[in-house]
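What follows is calculated from the coordinates using simple rules that are stated; it is not laboratory data. Note that the structure is predicted; figures quoted are calculated from it, not measured. Backbone-built Cβ (ideal geometry, glycine too); neighbour counts: all protein chains shown.
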Amino acid sequence: MRSGAVILSVLSVVAPCAAEAAEWYTGAPDSQSPAPTAYIAAFPPQTDPVYTSYGPSKSADYAPTRAPTREKFGAAVDLAVTADTKGSKFATLIGTIAPFSGLDESGIRLRLGGVVGQYSYTNTNLGKVTGTQTDGSFMIGYEWVTKRASFGVYGGANYDDNKIDKNDTANTSVGKGTGLKIAVDFNYRPTDYTMFAGVASFSSMHSSYYARLKAGYALAPDVYVGPEAIFMGDEFFRQWRIGLHLTGAKFSMLQLGASAGVLVDKVRGSGLYGILDARIGF
């Protein structure tokens, strides 16, 4: 008898939750939450992570009787860590401020970023070569935000310091200096259940570039799963990555994401990669 009472108690809690999830997925009125105001894009060496934002859909789109819930974050911090089976480990920290508006509104953006990490590769004559890299950047930009899309452009400068433990003259990206940097990002949600997003950046320091494209389908409110493609390189290396991502898992002001897949590198060969990222808005 006691076990039966416990089962009934559990069912009384689970049933409403299951019904609520079913209502959201089928588009039932008064069920869907607003779109997240931002999503994180994570990145490897010689690039900054660039998050993209878009205006949250109003609750009235789904339930005319409910007032819209909007997130008025004026600043955000993005953190990402990425590693691969070829010996690369990097961490990136980005701070973004919307000084005259919320991040869910069109306006000017200030972005300060930092990257630190380590990588390795094999030289035929020198054997294993290990490098360390630090990068800092500051950019000013403008982001246009609508209910279902956003597009941002940025420009500024970055300082990069790339060191290796052996004298490999073939590695022309070694050294430190300052370059000009530009970046763009976009996020588009054509339907309530689909999203497309991309980021790209280029620095005149060692002609380094980075681009990431994502497509996703909503498995739950604010949580998207789908394929991603990443392209990066500089004067020394070229690499592309293909994988799967999970984007937008949200806990109050904190958003989490992850991705994993395969990579092909001109210098280091093929392998696997993984990315974990987090974002908090203020």
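So what's the net charge close to F196: Lys and Arg +1, Asp and Glu -1, counting the other residues with Cβ under 10 Å from its Cβ?
Around F196, the charge tally is +2.
Between L110 and K176, what FRET efficiency comes out of the Förster formula 1/(1 + (r/R0)^6) with R0 = 25 Å and r the beta carbon distance, rounded to 0.05? Provide the component values of the computation, followed by the final result.
On the way: r = 24 Å, r/R0 = 0.98.
Here the calculated transfer efficiency is 0.55.
Per residue of the range 233-249, what does 6.51 cos²θ - 1.76 cosθ + 1.60 with θ = phi - 60° give for ³J(HN,Hα)? Whole Hz please, x for Gly and Pro, Karplus curve as stated.
Those phi angles translate into x, 7, 5, 10, 10, 9, 8, 10, 9, 10, x, 10, 10, 10, 10, x, 4 Hz.
Considering only the other residues whose Cβ falls under 10 Å of the Cβ of V267, what net charge follows from Lys and Arg at +1 and Asp and Glu at -1?
Values: positive: K86, R238, K266, R268; negative: D265.
Around V267, the surrounding residues sum to +3.
What is the sum of charges around G152, taking Lys and Arg as +1, Asp and Glu as -1, for the other residues whose C-beta is under 11 Å from the C-beta of G152? Could the numbers behind the result be given before it?
On the way: positive: R109, R111; negative: E143, D185.
It works out to a net charge of 0.
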